[in-house]
Amino acid sequence: MVQRKFIVCDPEKCTGCGICELVCSAEKEKGFNPLLSRIRTVRVKPFINMSIACRLCEDPKCVKSCPRKALRIDEKTGIIVVDEDECDGCCWCIQACEFGAITLHMQKKNVFACDLCGLDPKCIYYCPKEALELMTPEEVGQRMRKKAASKLLVET
C-alpha cells in the first residue's frame, strides 16, 4: 500500500502571499498565473489564510464521479492522474471534491490537480514562511493531537 503524502498548510504560518500559486503556475504552465495553479490560497477571514492542494484521498470522490473515467489513482504515488484525451471538462469531479482541489483549465478545457511535482513540490520549497509541508494523514493527525493537548495543558 502506498504511503500517501500530500501538501499540508499551517494556517498559523501562512500569510496568504500567494507565492505558492505563482511558483506552481510557473512550474506547470511556464507563466505566472494563479488561475492555472494546482494549489490555491484561501482567505477565510482577514487573518486566516490557508493554501489547499489535492489531499490524495484514499477513496476519491472525484475519480468516482467522472462519467468518462478520465481520472484514476496512480498506484505507486496515490496521485490523481487526469487523462486529458478523455476529460471533456464536464466538472463533475470539481463538484465532488470536498476540498476544492480540482480546477478547470480554461484554455485546454479539461481539469487538473496537484501532482506533487514528481514528489518534489516546488511550492513547499519556495514558501517564504515555511507554511507548507508534505505529510501523511497519520502525521497530520499526530500534529493535531499534539496541538490539542498543548491547548488543554495551557487552559488547566
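The values are calculated or read from the model by the stated rules, or taken from the named source; none is laboratory data. Just so you know, these numbers come straight off a predicted model, no measurement behind them. When we count neighbours, we look across all protein chains shown, and the Cβ atoms used for this are built from the backbone with ideal geometry, even at glycine.
Each residue in segment 104-121 was checked for being farther than 18 Å from VAL8 by Cα and either of a type in the set (A, V, I, L, M) or in contact with a strand residue (DSSP E or B) (Cβ under 7 Å, 6 or more places away or on another chain) (or both), and 6 of them qualify.
Can you find even one residue in segment 89-100 that is closer than 17 Å to GLU21 by Cβ, surrounded by fewer than 18 Cβ atoms within 10 Å (Cβ to Cβ) and of a type in the set (D, E, K, R)?
no
How about segment 31-79: which of its residues are assigned to a strand (DSSP E or B) and either among the aromatic types (Phe, Trp, Tyr) or over 26 Å from ILE19 (Cβ atoms) (or both)? Once the filter is applied, which keeps residues that are assigned to a strand (DSSP E or B) and either among the aromatic types (Phe, Trp, Tyr) or over 26 Å from ILE19 (Cβ atoms) (or both), segment 31-79 yields LEU71, ARG72, ILE73.
Summed over segment 84-121, residues that are closer than 18 Å to ALA26 by Cβ, in a loop (DSSP other than H, G, I, E, B) and in contact (Cβ under 8 Å) with a residue 40 or more places away in the chain total 5.
Applying the criterion of being assigned to a helix (DSSP H, G or I), at pLDDT 95 or above and surrounded by fewer than 18 Cβ atoms within 10 Å (Cβ to Cβ) to the residues of segment 122-138, the residue that is nearest to the chain's Cα centre (by Cα) is LYS122. Filtering segment 38-69 to residues that are more than 22 Å from LEU119 (Cα to Cα) and buried (at least 19 other Cβ atoms within 10 Å of the Cβ) leaves ASN49, CYS66. Here the condition is being in the same structural domain as LYS5 (by TED's automatic domain parsing), within 19 Å of GLN3 (Cα to Cα) and surrounded by fewer than 15 Cβ atoms within 10 Å (Cβ to Cβ); of LEU35, LEU119, it holds for LEU119 alone.
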